[in-house]
1. Counting only heavy atoms of protein chains, what accessible area per residue, in Å², does the range 208-326 have with a probe of 1.4 Å?
2. Report, in whole Å, the centroid distance computed from the Cα atoms of the range 190-236 and the range 324-379.
3. Limiting things to C-alpha atoms, what are the Rg and the maximum Cα-Cα separation (Dmax) for the chain, in angstroms?
4. When N is the residue count of the range 1-52, what does its C-alpha Rg come to as a fraction of 2.2 N^0.38 Å?
5. Quickly estimate the mean residue ellipticity at 222 nm for the chain, helices only: each DSSP H run with n ≥ 4 gives -39500 (n - 2.57), and the total goes over all residues, rounded to 500.
6. If Lys and Arg each add +1 and Asp and Glu each add -1, what is the summed charge of the other residues whose beta carbon sits under 13 Å from the beta carbon of residue 179?
7. Give me the Å³ per residue figure for the convex hull around the C-alpha atoms of the range 195-255.
8. How much area per residue is accessible in the range 1-137 when the probe is 1.4 Å and only protein heavy atoms are counted (Å²)?
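The values are calculated or read from the model by the stated rules, or taken from the named source; none is laboratory data. Please read these numbers as outputs of a predicted model, since none were measured by experiment. Virtual Cβ from ideal backbone geometry, glycine too; neighbours counted across all protein chains shown. Quick note on the areas: whole protein, heavy atoms, side chains included, nothing else; ligands and nucleic acids left out. Shrake-Rupley method; radii C 1.70, N 1.55, O 1.52, S 1.80 Å.
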Amino acid sequence: MSQGCAHPALAALVRRMADRRRDGLHRSLRGVGPAGGPRVIVDGRQVLLMASNDYLGLSRHHRLARAASRAALAHGAGAGASRLISGTLDCHQQLERQIAAFKKTEAALFFCTGYMANVGCVAGLCGPGDFIVSDALNHASLIDACRLGRATVKVYPHADAAAAQALLAQAPAGALKLLITDGVFSMDGDLAPLPELLAVARRHGALLLVDDAHATGVWGAGGRGSLEHFGLAPESDIIQVGTLSKALGGLGGFVAGAAVVIDCLINLARPFVFSTAAPPAQVAAAAEALRVVEDEAHLRHKLHGLCALLRGLLEEGGLRLLSPAGPIIPILVGDAHRALAMGQALLAEGVFAPAIRPPTVPQGSSRIRLTVTAAHEEADMRFAARAVLRAAREVGLCP
Ligand code: PMP
């Protein structure tokens with residue numbers, strides 16, 4: 001059938017997409033070509049990239065690229081089977097020991113992506129009869145995980161530990177209780193109030209799960225993440241999820257925690273059990289990235305210096321930022337059409353940071369989310385600030 005719209009089901013899909021266009025919520029893929037460092041080619045033009053989660057600039061680090069290519073040449077392109085069949089290679093187990101040592105936990109389990117780690121962990125640990133309390137701004141992968149597990153799920157207002165406490169108090173006797181939060185919120189860039197949340201979890205006998213996708217490699221003196229930032233010991237009642245896809249420059253996710261938690265996940269985490277093991281190149285890049293995070297602390301220091309510089313320039317220009325520190329710098333615009341217009345204006349100024357709209361953020365809170373990486377330089381921050389302020393003026397966001 002050549003004319004898809006003649007089919008009633010396809011016609012319904014066409015109408016759904018038309019509705020999204022009307023609301024400013026339709027998305028399409030935009031090709032981005034590398035142009036060296038933090039620059040990319042968009043629509044045939046070289047622009048400054050301010051939208052990647054490659055916080056330490058490791059995705060193009062020579063040590064990771066070399067480790068990945070050596071592993072592919074030595075061990076092949078694929079693992080051949082899921083981990084529980086014949087896909088567990090030495091490199092997977094070495095990486096898991098390395099992650100556990102880095103996160104200072106008893107054990108760790110590697111997943112092919114961070115999304116799979118969250119889904120596998122939450123749905124693997126909590127099923128019907130169990131009780132989950134979750135921050136309203138947690139990442140989509142945690143939300144999907146809660147749905148898949150079919151435990152009772154209660155959502156507390158963002159970062160409100162007192163509300164989390166009140167909800168945990170409703171858990172039925174005997175339920176396994178899990179309090180889940182992003183360590184750093186992906187679209188707002190703020191840190192969760194972990195000391196308060198941990199106290200609440202402990203008062204109610206709950207496990208605390210922290211999704212540290214945006215904190216690993218970035219926060220804490222050793223880049224160990226949000227627990228280290230707050231000076232909290234990674235005790236056995238804390239589960240840390242992380243991704244190797246952001247500051248660690250490659251692809252993959254992990255869960256780090258008590259040995260019994262990892263044992264449960266090996267048995268019950270469906271994205272782990274029923275999916276092919278990660279290929280050696282991916283694993284080797286991840287292992288090398290962890291070494292770079294330990295060896296090259298200067299990258300993290302540079303990153304935080306650049307973040308402070310850009311944040312200061314934007315605030316001096318009259319913009320209000322949604323979070324006080326760190327490489328995720330969101331500028332609230334509100335209306336989706338207006339956020340799109342600001343993203344376009346920014347691109348015309350030579351900066352690529354597309355609008356973030358629902359369902360990635362709540363209705364009415366569309367925004368421009370700028371991200372800084374250690375691959376940027378101070379001159380890039382000044383260039384970006386000028387461009388952002390001009391684009392913000394164009395859409396009437398600041399004087
Ligand atoms: N958690 C959070 C908070 C995230 O922002 C993301 C990625 N956007 C993930 C998990 C998923 O990680 P990955 O991209 O490795 O699947």
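1. 35 Å²
2. Going from one Cα centre to the other spans 27 Å.
3. Spelled out, the Cα radius of gyration and Dmax of the chain are 21.6, 62 Å.
4. Cα Rg divided by the expected 2.2 N^0.38 Å: 1.73.
5. -13000 deg cm²/dmol
6. It works out to a net charge of -3.
7. Working: hull volume 4.1 nm³, N = 61.
Hull volume normalised by residue count: 67 Å³.
8. Working: 7290 Å² over 137 residues.
For the range 1-137, the per-residue accessible area is 53 Å².
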